[in-house]
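Participant: The structure's right below; bear with me while I get my questions together.
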Amino acid sequence: MAAFVAAVSGFPAAHGPQSLSTHVPIVAENRDPAKQREFSILGSGDILVHPPTWRQAQVDARSEGESGYDFDQMLASIRPTVESADLAICHLEAPMGPGEPKDFPRFNAPVQLAPAVKKAGYDACSTASNHAFDQGERGVYDNLDALDRAGLRHSGTFRSAAEQATPTIYQLHGVSVGHLSWSLHFNGIEPPPGKAWLANRIDVNAIRAAAAATRKAGAEIIVLSAHWGTEMVNTPDGKQISWAKELIADPNIDLIIGHHAHVVQPMERVGDKWIAYGVGNLLARHDFPRDANREGVLAKFTFTRQSNGRWLVTRAEAVPTWLSLKPNIRVLDLSSELGSLPSADRRHALYTAAQDRVVGHLGSRGAITEGLAVRR
C-alpha cells in the first residue's frame, strides 16, 4: 500500500454540510523520484454491502469482543496482493453513512467499511456509480466524510462544483497519477437542481476534457475508472466498447478499469494501452449468488518510465478472486488459497473451475495472447 502526499485538490475543508474540519494526515514514503522507473496501479471490482455481508461483519466484530461491524477478516486474503501495488484503487459501489445499513435498491453501508478497505491495502476509491445517490445529496457527503476519516482518497463524487472541477491527482513516490471516475447512470435518480456536479455521469467529451485538464495540472499517468456495461453479462456491450475505444485513443488517458456488470469481462490491449472492461465483484453477496457474480479480478498494471519521460504499461496482471460464502463470507485470492489446499480438498476443484472461467472471460478479446499474465 502506498503512502500519500496531498493531491492537487487536497482534502476538501468546507464543502457540503457537516464536512470534516480536520484532514487525515498523509505521509510520503522516502523514495528518490529520480530513481523511480516503475509504478504499479491495481484496480478491483464492486464493493456492495448486502444484508448477509453486514451480518457477517457483526459476527466478526463479536468474535473480536467488539460491537458494531468488522469487515477486516473478509478482506484479509487479498491484502498482500493489494498492498503490493504502488496505488490500489477500490470501487465503492454504494454510499456509506451513519444509521442502520440499508439493502437494495437504496443501499447504505456501515461506515466501518472504510477503515477495513484502507487496512486491506487500498489507497483510494472510485465513487461514481449507479448507486451514488441512493441516500441523496446527504449520502454523497456522508460517504466522502467516511472515506476521508479512513485516509482514503476518492474521485467520482464531490462536495462542490469547485471540487469537481479540480483535477484529482495523487502524488506517490515522486509520480503524479491522475484519477477520473465516471458512471453510466444513477438508477434514474437525478441530482438536485443546479447540483449536477455531485457525481460524474459518462459523457465522452466531458471525460476527455477532464483528462486534458488533469494532464495540464501535472499528472504523468491518468487512469479512468468507468462504471458501465450490462449487468450479469460477461461480454462488453456495444456502447461500452465504443466508449472504451474512443477514450483509450485519447493521449491523456493511459488506462481504463471498468466495473458495474458484477461479472468478469475481458481485458484488451489497444496499442500500448490496456482496457479492463469489467473486473467483476470484489465484495458483493447478491440475493441471487451464482458462480459468475462471486468472481472478480485484482487487475494490476506496471508502468515503466521511458527515456522520453512517458509512462507505458509494460506488464499487465490479473489475480482472480472468489467470494466464499461458507462457513463465513470471505473474499479469497484464489492463487493464494489454491497454493495452500491439498488437491483432494473439494474446494480445490471449485476454486480451479472459478480460475478457469475467469481466464476464459479475461482472454476473450485477445488479452492472453497480447501478454496478460494471470496468476494461478
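Values in this text are rule-based calculations from the coordinates and carry no lab data. For clarity, every value in this text was computed on a predicted model and none was experimentally measured. Every residue, glycine among them, receives a Cβ derived from its backbone with ideal geometry; neighbour counts consider all protein chains shown.
Participant: Rank the residues Val59, Val175 as a footprinting-exposure proxy: fewest other Cβ atoms within 10 Å of their Cβ go first.
Facilitator: So the residues, fewest neighbours to most, are Val59, Val175.
Participant: Under 1.5 on a/c is rounded, so check that first for region 215-271, then, if it is not, pick prolate when a/b is larger than b/c and oblate when it is not; a ≥ b ≥ c are the square roots of the alpha carbon gyration tensor eigenvalues. Before the final figure, lay out each step's value.
Facilitator: Numbers: a/c = 2.53, a/b = 2.01, b/c = 1.26.
The shape class here is prolate.
Participant: Can you sort Asp123, Asp287 so the residue with the fewest Cβ neighbours within 10 Å comes first? It would help to have the intermediate numbers written out before the result.
Facilitator: Working: Asp123 27, Asp287 9.
Ascending Cβ contact count within 10 Å gives the list Asp287, Asp123.
Participant: Under 12 Å between alpha carbons, and skipping anything fewer than 8 positions from Lys216 in its own chain: which aspartates and glutamates qualify?
Facilitator: Within the straight-line cut-off, Lys216 pairs with nothing.
Participant: To the nearest 20 debye, what is the magnitude of the charge dipole of region 33-374 about its Cα centre, counting +1 on the Cβ of each Lys and Arg and -1 on the Cβ of each Asp and Glu?
Facilitator: Dipole size: approximately 460 debye.
Participant: Moving on. Could you check which residue among Ser242, Ser126, Ser181 shows the biggest mean-square fluctuation in a GNM of the chain with a 10 Å Cα cutoff?
Facilitator: Comparing Ser242, Ser126, Ser181 in a Gaussian network model of the chain, the most mobile one is Ser242.
Participant: Sort Glu317, Glu83 so the one with the fewest other Cβ atoms within 10 Å of its own Cβ comes first.
Facilitator: With the sparsest Cβ surroundings first, the list reads Glu83, Glu317.
Participant: Using the Cα centre of region 33-374 as origin and beta-carbon charges of +1 (Lys, Arg) and -1 (Asp, Glu), tell me which of Gly339, Gly218, Val59 is placed farthest towards the positive end of the dipole.
Facilitator: Positive-end residue among those listed: Gly218.
Participant: Okay, moving on. Of the listed peptides 252-259, 166-173, what is their order by residue-averaged count of other C-beta atoms within 10 Å, with the highest listed first?
Facilitator: Working: 252-259: 25.4, 166-173: 22.2.
Ranked from most to least packed, the peptides come out as 252-259, 166-173.
Participant: Continuing with this model, one more query. Take peptides 131-143, 188-200, 42-54 and line them up by average Cβ neighbours within 10 Å, highest first, as a rough protection proxy.
Facilitator: 42-54, 131-143, 188-200
Participant: Which residue fluctuates most in the GNM of the chain (Cα springs below 10 Å): Ser77, Ser340, Ser176?
Facilitator: Greatest mean-square fluctuation among the candidates belongs to Ser340.
Participant: On to the next question. So what's the back-of-envelope 222 nm ellipticity for the chain, counting only DSSP H runs of four-plus at -39500 (n - 2.57) apiece and dividing by all residues, rounded to 500?
Facilitator: Mean residue ellipticity at 222 nm (helix-derived): -7500 deg cm²/dmol.
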